[in-house]
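Since the structure comes first, as structure tokens, the remarks are kept for the end.
The values are calculated or read from the model by the stated rules, or taken from the named source; none is laboratory data. All values derive from a computational prediction rather than experimental measurement. Using ideal geometry, Cβ is built from the backbone for each residue, glycine included, and neighbour counts are taken over all protein chains shown. When the accessible area is computed, the model is the full protein with side chains, heavy atoms only, and any ligands, DNA or RNA have been set aside. Shrake-Rupley method; radii C 1.70, N 1.55, O 1.52, S 1.80 Å.
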Amino acid sequence: MKIYILSIFYFFFVSKIFSQKKDTLYFGIDKYYTISPTINSNLENEPYPEWIKTTNEYMKRTKTNGYIFFIGDDNLTKNLKPKKVLSIKKYIENRKFYFDGKYNQIVDEKKVKDSLIDKYVIYFVNGDKFIKPLQLNYVSYYPRRDKDWNVIENKIKDTLYFKLDNEY
């Protein structure tokens with residue numbers, strides 16, 4: 001019995017020591033890159049053809065293949081003093097979040113989840129108010145459908161370059 005109690009105490013003690021507190025990142029809200037029903041409540045109720053028009057506009061303005069979707073909690077936090085407010089678009093459009101390949105231009109949603117969403121406490125800054133997301137995802141615009149419901153694939157693919165060897 002004593003060993004049982006000591007092992008539980010040891011497990012609890014060790015888990016408290018090694019549990020790490022997550023760092024906090026603050027991101028500004030980009031009108032075209034961060035989409036949220038917390039901010040744009042009408043976006044989730046759009047019919048698919050209207051959603052296609054809206055996202056085409058977002059793609060033109062951001063020049064990206066995806067966006068950040070989040071649902072904020074109901075409590076707006078105030079009086080936080082962030083050292084720096086980052087651009088989420090610049091942060092995610094970093095090479096470390098892309099699929100492997102030197103010239104790849106497609107963001108890997110799993111890398112974003114593992115290296116950003118699960119690793120940090122995130123707040124979105126809207127003026128002097130801070131929104132902590134309950135749900136946060138990177139969403140690709142592709143695959144999409146056209147008006148005849150045919151699938152449109154992403155035209156941006158990884159490019160391989162080969163050096164021509166005339167002696168071979």
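Accessible area per residue of the range 65-111 at 1.4 Å probe, in Å²?
69 Å²
Residue by residue through the range 131-143, what is 3J(HN,Hα) from phi via Karplus (6.51 cos²θ - 1.76 cosθ + 1.60, θ = phi - 60°)? Round to whole Hz and write x for glycine and proline.
10, 9, x, 7, 10, 9, 9, 9, 10, 7, 6, 9, x
Given points 7 Å out from each Cα along the Cα-Cβ axis, report the L80 to W149 separation in nanometres with one decimal.
Each label point is offset 7 Å from its Cα along the Cβ direction, giving 4.3 nm.
How large, in percent, is the carbon and sulfur part of the accessible surface of the range 50-103 at a probe radius of 1.4 Å?
50 percent
Please list the non-local residues whose amide H lies under 5 Å from the amide H of Y98, H modeled 1.01 Å from N, same-chain partners needing a gap of 5 or more.
D108
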